[in-house]
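The values are calculated or read from the model by the stated rules, or taken from the named source; none is laboratory data. Since the model is a prediction, treat every value here as computed from it, not as a measurement. Cβ placement follows ideal geometry from the backbone for every residue including glycine, while neighbour counts extend to all protein chains displayed. Note: areas computed on protein heavy atoms with side chains; ligands, DNA, RNA excluded. Shrake-Rupley method; radii C 1.70, N 1.55, O 1.52, S 1.80 Å.
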Amino acid sequence: MAFIFKNKRLQMSVTPTVPNIVCLICVLTLKFISPVSSQCSGSALTLTASDDLTTVTSDGYSSGSYASDLSCSWLIDSGSSAETVIVFINHYDIDASDTIDIYDGFLTSNSSLKSGLTGNGNDKEVLTTGQYALVVLTTDSSGQAQGFSLQYVKAADLSGTGCTAEQTLTATSAEQYLTSPAFPSSYTGNSNCRWLIEATEGAVYFELMLSDIETSPNCGFDYLKIYDSSYVCEHTLTVDACTRYPDGNTATYTSNGTSVLVLFVSDATVGYKGFKLKFSAVSATTTVATQTAASEDTGFALGMGVGVATGVVSTLMVIGIIQIIKSRLQASKLGSPRVRNVLPLQTPTSFGGKTPTGNGHLPNGHILRNGDIPGSQRFSVTSSISSSGNSSRNGRTPSTGHSSPNHSDTQNKNNNNYKRNGVLPTNIGHV
């Protein structure tokens, strides 16, 4: 028995053996599957949009060039007639003779959202009015380029009643979504929206998926703020967003408590897409354990740093206190009256630790006269001390090195070493 396969290009007879049957299965698989998996074979590749941003690139984008003579198409479906599609072209590099076209529907006969896009750029966005968006890339043989990378997401206004009064949303294990007013169209001017997201137990997990808000210094015009609490407090501020897509903020966060507060404010002028937020309730036990495990090393390092810093500060404080005490003590000494050593009253037999010899001489050769003492130790009970340091006797000051000639005979008799008849002995030194 033989099967005959006819084709415009090939007519062949095959005997059904096991290898041939396997080959037949492969041929049939390629015949029916390949058109579905290739968006450049004449049929559009259908992509189902979700609540998360999804990325798609043209054929050859990662390698740097698409092929010649292509007609590639992607059909993006939001899955519901109540939801639209946002397409962000993050980057495109298209040869001058090639084009990108985006249609508001599933046919090329629908109205065009982007027509004949070529050259090089980014930050191009389109919004459908219905469920579908059709993206078409057409190339010829004259030149090639890298292609494009785009993101898409389904969209609907999920702002609820939070822009008329504070709205409380209950977080559950199922994922829920929150958007700016009029999303995905431009948010309304003078918006003042407030949502409180609470978990009945556990914590609140949220993911800021999309942020397209007017850029301004210090978020002074429009902004999205999210607090890790049920009230406004700068210490619990976790998100402060005011940047255009694709540079807009994205974030994931798990609350420390059971609630988070979301604020969105806009002025009366410019408006953009706004934001899209995903939230759910998670187990507090799991969250705390995860946070603890993730922060143990950081906590240890922080603890070490704080301990070292505390030790250094304490040491410096002790040194400072010691220096202050020393300074006070020194100041006390300087402020007290100076007490000088006062020599005891010396008798004629002891002058500064020096004892006169039998002839009245001191060990340094000076003469002891009538209770006089040498140098700064001279004193007289009955006479005052002159400025030169010599004793003034009988109202006269002796000349340098000589005693006064007016001493009485009685004094001369008391000390044989004194001058007699006005003449000093030759062996006597100066006083």
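Looking at Val288, Val318, Val308, Val312, just one residue is modelled with pLDDT under 80, open to solvent by 60 Å² or more (accessible area, probe 1.4 Å), more than 29 Å from the chain's Cα centre (by Cα) and farther than 27 Å from Leu53 by Cα, and that residue is Val318. For Pro217, the test of being out of contact with any Leu (no Cβ under 8 Å at 6 or more places or on another chain) and modelled with pLDDT of 95 or more is failed. If the Cβ limit is 9 Å and pairs must be 6+ apart or interchain, which residue in region 85-101 that is without any contact (Cβ under 8 Å) to a residue 40 or more places away in the chain and among the hydroxyl-bearing types (Ser, Thr, Tyr) pairs with which residue that is buried (at least 22 other Cβ atoms within 10 Å of the Cβ) and outside any strand (DSSP E or B)? Pairs found: Thr99/Thr139. Restricted to region 144-214, the set of strands (runs of 3 or more DSSP E) holding at least 3 residues that are open to solvent by 10 Å² or more (accessible area, probe 1.4 Å) comprises 147-155, 167-171, 192-199, 203-212. Scanning region 221-261 for residues that are without any contact (Cβ under 8 Å) to a residue 12 or more places away in the chain and part of a loop (DSSP other than H, G, I, E, B) returns Cys233, Asp247. Taking Ala82 as the residue in question, decide whether it is assigned to a loop (DSSP other than H, G, I, E, B) and crowded, with 20+ Cβ neighbours inside 10 Å. Answer is no for this residue. For region 42-83, the tally of residues that are under 27 Å from Ala174 (Cβ atoms) and over 38 Å from the mean Cα position of the chain (by Cα) stands at 11.
Residue count for region 53-70, restricted to those that are more than 14 Å from Asp95 (Cα to Cα) and of a type in the set (A, V, I, L, M, F, W, C): 2. The single condition among (1) modelled with pLDDT under 95; (2) within 17 Å of Lys276 (Cβ to Cβ) that Gln167 does not meet is (1). From the list Gly116, Gly105, Gly60, the one residue that fits, being in contact (Cβ under 8 Å) with a residue 40 or more places away in the chain and either on the phi > 0 side of the Ramachandran plot or assigned by the TED database to the domain that holds Asp212 (or both), is Gly60.
Looking only at region 215-228, count how many residues are within 19 Å of Ala155 (Cα to Cα) and surrounded by fewer than 20 Cβ atoms within 10 Å (Cβ to Cβ).
0
Taking region 115-139 as the range and being within 21 Å of Asp69 (Cα to Cα) and open to solvent by 50 Å² or more (accessible area, probe 1.4 Å) as the test, the residues that pass are Ser115, Thr118, Asn120, Thr138.
Meeting the requirement of 3 or more residues that are of a type outside the set (Val, Ile, Thr) and modelled with pLDDT of 95 or more, the strands (runs of 3 or more DSSP E) wholly within region 86-140 are 132-138.
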